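Values in this text are rule-based calculations from the coordinates and carry no lab data. Please read all numbers here as calculations on a predicted model, not as lab measurements. Cβ sites come from the backbone with ideal geometry, for glycine too, and all protein chains shown count toward neighbours.
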Protein chains: 2
Amino acid sequence: MQADSAIESAARRSSAKRKQILDAALAVFVAHGYVGTSTDQIAAAASVSKQTIYKYFSDKNGLFTAIITDVGDRIHNPFDELCLAMGTASEAVPAVKLLAEEFTASIMNPRVQEIRRLMIAEAPRFPELGRLYWQRGFERVLGSVAACLEVLDGRGLLSIAHPDMAAQHLTGMLLWIPSNRVMFCGPEQAPGTAELSTIIDQGVAAFVSAYRPEPRGQ
Amino acid sequence: MQADSAIESAARRSSAKRKQILDAALAVFVAHGYVGTSTDQIAAAASVSKQTIYKYFSDKNGLFTAIITDVGDRIHNPFDELCLAMGTASEAVPAVKLLAEEFTASIMNPRVQEIRRLMIAEAPRFPELGRLYWQRGFERVLGSVAACLEVLDGRGLLSIAHPDMAAQHLTGMLLWIPSNRVMFCGPEQAPGTAELSTIIDQGVAAFVSAYRPEPRGQ
């Protein structure tokens, strides 16, 4: 029992250390770009030795890959629960709104928007990192939104012939302007809570109206 | 008359020279970023003297501002004609499809996508340039899409209570995935003609369905 709890607390320390390095590294990458960032800078920012970074992540590329994977996982985590919630929904608007609120909050998170800018800037020089972000972040979210919409279709609350396309529509209606405004005008121009709430309400209304089932008997 | 035609041909030469510098400068900015680009490099790429660049654009900032303005104008040019076309439309789907095809082609133009990437990368260091792009490019297109949709509402073909929000929905549904795929995965992953055509058809169908007027008599 004592051995078990020693292992558990070592694992917790290791996980906390890993997170400490990832958080510090992201800030350095965002400030200096991928090429402009050295492991020395990251070690200093994370208050760890370079050896510790190599132990956890092998090299700079491994560290950057871990940041992308970590962010992708964090964006994606709420979806298991959301899909379950869709399975007990009885009305389309509140169900789609719950889904919309969740992914909008995840993706408009300032940290995610910073990574987004970094990936867009670096993608031509590091195409494999851009594709990793696309797969681990973007496509995975789209796939999970599509899966949630399929559940609502199955319950007769929406009529969704092409879930992937419908997921494009819902995410695009809600995110195109807020995300681009942050990209072009900076994080201080991100829509506030009230504006995002209006964007979500009107986007959900339009989406549900576009995908409402035909009335019965017609 | 001779003097007039001499002035005209001088104006044509001047306009051609201006375009030659803008085209060459864009390629250099895209390759090296705003900070990494010198007027020497641009002069070499455009096969003109540095003095010529200063004569036309004052300095590097003036040249970059001219690129943004030029691209914004080019994206925006088709809209006057489109708004006129909306005024004679008799069905919603073909009218919205015409509008959608036009702005999708403009914005998915590889040159526009390159500028987009450059602006997103540079916006934190040059916020006034990012905001200029937003105003001259982004907001202006949104405003014009909204104006076209208002014309269709006026003709009873759509029911649009909030034209700006509806313009967000139409542009977001069509552009969110194609543009982000280019940003993260590179221009070679841009959707081809067939895929774009499917995205347009299904986006237009969903949009028209969301904004169809209530049937008469209800």
Within region A:150-170, restricting to residues that are within 18 Å of the chain's Cα centre (by Cα) and without any contact (Cβ under 8 Å) to a residue 60 or more places away in the chain, the one that is surrounded by the most Cβ atoms within 10 Å (Cβ to Cβ) is A:HIS169
For region B:187-210 the number of residues that are without any contact (Cβ under 8 Å) to a residue 60 or more places away in the chain, more than 17 Å from A:ASP164 (Cβ to Cβ) and surrounded by 17 or more Cβ atoms within 10 Å (Cβ to Cβ) is 1
Here the residues within region A:88-109 that are of a type in the set (S, T, N, Q) and in a helix (DSSP H, G or I) are A:THR104, A:SER106
- prompt: Quick check: anything in region B:123-134 touching a Pro at 6+ places or on another chain (Cβ under 6 Å) and over 22 Å from B:PHE184 (Cα atoms)?
  reply: no
- Query: Looking at this structure, is B:GLU214 loosely packed, with under 14 Cβ neighbours inside 10 Å and either among the β-branched types (Val, Ile, Thr) or assigned to a helix (DSSP H, G or I) (or both)?
  - Reply: no
Looking across region B:135-149 at residues that are among the small types (Gly, Ala, Ser) and in contact (Cβ under 8 Å) with a residue 40 or more places away in the chain, the single one that is nearest to the other protein chains (Cβ to nearest Cβ) is B:GLY137
Cβ pairs under 6 Å, 6+ apart or interchain, first in region B:39-64 and touching a residue at least 40 places away in the same chain (Cβ under 8 Å) and on the phi < 0 side of the Ramachandran plot, second surrounded by fewer than 20 Cβ atoms within 10 Å (Cβ to Cβ) and not in a helix (DSSP H, G or I), ordered by first then second residue, are none
Open item on the list: Here is a check on your reading of the model: is A:ILE75 over 21 Å from A:VAL145 (Cβ atoms), surrounded by 14 or more Cβ atoms within 10 Å (Cβ to Cβ) and among the β-branched types (Val, Ile, Thr)?
Closed with: no
Those helices (runs of 4 or more DSSP H) completely within region B:1-87 that have 2 or more residues that are over 24 Å from the mean Cα position of the chain (by Cα) are B:2-32, B:39-46, B:50-57
- Item | Test for B:GLU91: is it more than 20 Å from B:ARG136 (Cβ to Cβ) and touching a residue at least 12 places away in the same chain (Cβ under 8 Å) | yes
Checked region B:8-63 for anything under 27 Å from A:PRO124 (Cβ atoms) and aromatic (Phe, Trp, Tyr); matches are B:PHE29, B:TYR34, B:PHE57
Subset of region A:110-134, residues more than 7 Å from chain B (Cβ to nearest Cβ) and either without any contact (Cβ under 8 Å) to a residue 60 or more places away in the chain or assigned to a helix (DSSP H, G or I) (or both), comes to A:PRO110, A:ARG111, A:VAL112, A:GLN113, A:GLU114, A:ILE115, A:ARG116, A:LEU118, A:GLU122, A:GLU128, A:LEU129, A:LEU132
- prompt: over 25 Å from A:GLY137 (Cα atoms), surrounded by fewer than 20 Cβ atoms within 10 Å (Cβ to Cβ) and in contact with a Ser or Thr (Cβ under 7 Å, 6 or more places away or on another chain): does that describe B:LEU132?
  reply: yes
